[in-house]
Amino acid sequence: ADPPHPEGPDGGDAEIGNRPIHVHQAREREDQATAILLLATLLLFSGFALLMLVVALAPDVTASIMTEVRASFLKRFLVGVANTLFLFVLVKITGNALAILVVPFLVLLLLFGLIVLSDEVGRRIQRISGGEWSRVQRIGAGWATLYLASWFPAVGWFVVAPVAAFTAVGTVLLWLLTLRSRRATAGTAATPPGAPPSPPPAPPNPPNPTS
């Protein structure tokens, strides 16, 4: 039941200005809901713009992550959880000096990972709806889906948002490990173990003596 409204001196509802208190409270709630909606919309479009900026600045990196990371969703999530917790524990032990490096590093991992994750979700939406979509359309549809799902009470806050963040971080970390492994393999293939060193180049022929 609604709480009783305070009464004015004449027995009616107390007023603020020329409006009853309950009308004033309802107007405040409407203003708060409008402000939250505007903030959510701003974050939706600004987040998409930031992802597109990263794609424009590093197109080769984003394309490489999308094509080379083939790990399962669960593996990427677990890698993201383990490494994020490790970095936070490391910052806690060493102090805030390391946080100057760790926090920007995690933000970059999150941004690139969200691009890949949004593209994956967008591809699934594309297969359901049919048609040919560009990468921008796929990322936009996937980002909007993840963002709106993260706003659901309880499930969005405590399941969708953290799972998406950890999976994004794990995706980029696995890509970095793939690059490192590939470079190590390329170096080993270029110089087989036990192979004799290549002989030094022959010295140039001395000039012929002139008479």
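The values are calculated or read from the model by the stated rules, or taken from the named source; none is laboratory data. Computed from a predicted structure; not experimentally measured. We place every Cβ from the backbone using ideal geometry, glycine too, and count neighbours over all the protein chains shown. Side chains are part of the model used for accessible areas, which takes the heavy atoms of the whole protein and leaves out ligands, DNA and RNA. Shrake-Rupley method; radii C 1.70, N 1.55, O 1.52, S 1.80 Å.
Here are the numbers for this structure:
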quantity	calculated
Pairs, first touching a residue at least 60 places away in the same chain (Cβ under 8 Å) in region 65-94, second of a type in the set (K, R) and crowded, with 17+ Cβ neighbours inside 10 Å, C-beta under 9 Å, six or more apart	V69/R76
Selection count where residues are of a type outside the set (A, V, I, L, M, F, W, C), open to solvent by less than 80 Å² (accessible area, probe 1.4 Å) and more than 24 Å from V55 (Cα to Cα), scope region 95-113	1
When residues of region 164-183 are limited to those that are open to solvent by 50 Å² or more (accessible area, probe 1.4 Å) and of a type in the set (A, V, I, L, M, F, W, C), the one farthest from G142 (Cα to Cα)	L177
Test: residue in region 49-56 that is touching a residue at least 40 places away in the same chain (Cβ under 8 Å) and out of contact with any Leu (no Cβ under 8 Å at 6 or more places or on another chain)	yes
Unique residue being modelled with pLDDT under 90 and either part of a loop (DSSP other than H, G, I, E, B) or open to solvent by 50 Å² or more (accessible area, probe 1.4 Å) (or both) when the list is A82, A33	A33
Cβ pairs under 7 Å, 6+ apart, first in region 138-156 and closer than 11 Å to F48 by Cα and in contact (Cβ under 8 Å) with a residue 24 or more places away in the chain, second open to solvent by less than 30 Å² (accessible area, probe 1.4 Å) and β-branched (V, I, T)	I139/I115
When residues of region 60-77 are limited to those that are aliphatic (A, V, I, L, M) and over 22 Å from V103 (Cβ atoms), the one surrounded by the most Cβ atoms within 10 Å (Cβ to Cβ)	V69
Residue check, T67 β-branched (V, I, T), assigned to a helix (DSSP H, G or I) and modelled with pLDDT under 95	yes
Hey, I16 modelled with pLDDT under 60 and over 23 Å from G156 (Cα atoms) or not	yes
Qualifying positions in region 117-143 - of a type in the set (S, T, N, Q) and outside any loop (DSSP other than H, G, I, E, B)	S118, Q126, S129, Q137
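Results for (1) out of contact with any helix residue (DSSP H, G or I) (no Cβ under 7 Å at 6 or more places or on another chain); (2) of a type in the set (S, T, Y), shown as yes or no for each residue.
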| residue | (1), (2) |
| --- | --- |
| G95 | yes, no |
| L101 | yes, no |
| L108 | yes, no |
| I125 | no, no |
| S134 | yes, yes |
| T145 | no, yes |
| V160 | no, no |
| R180 | yes, no |
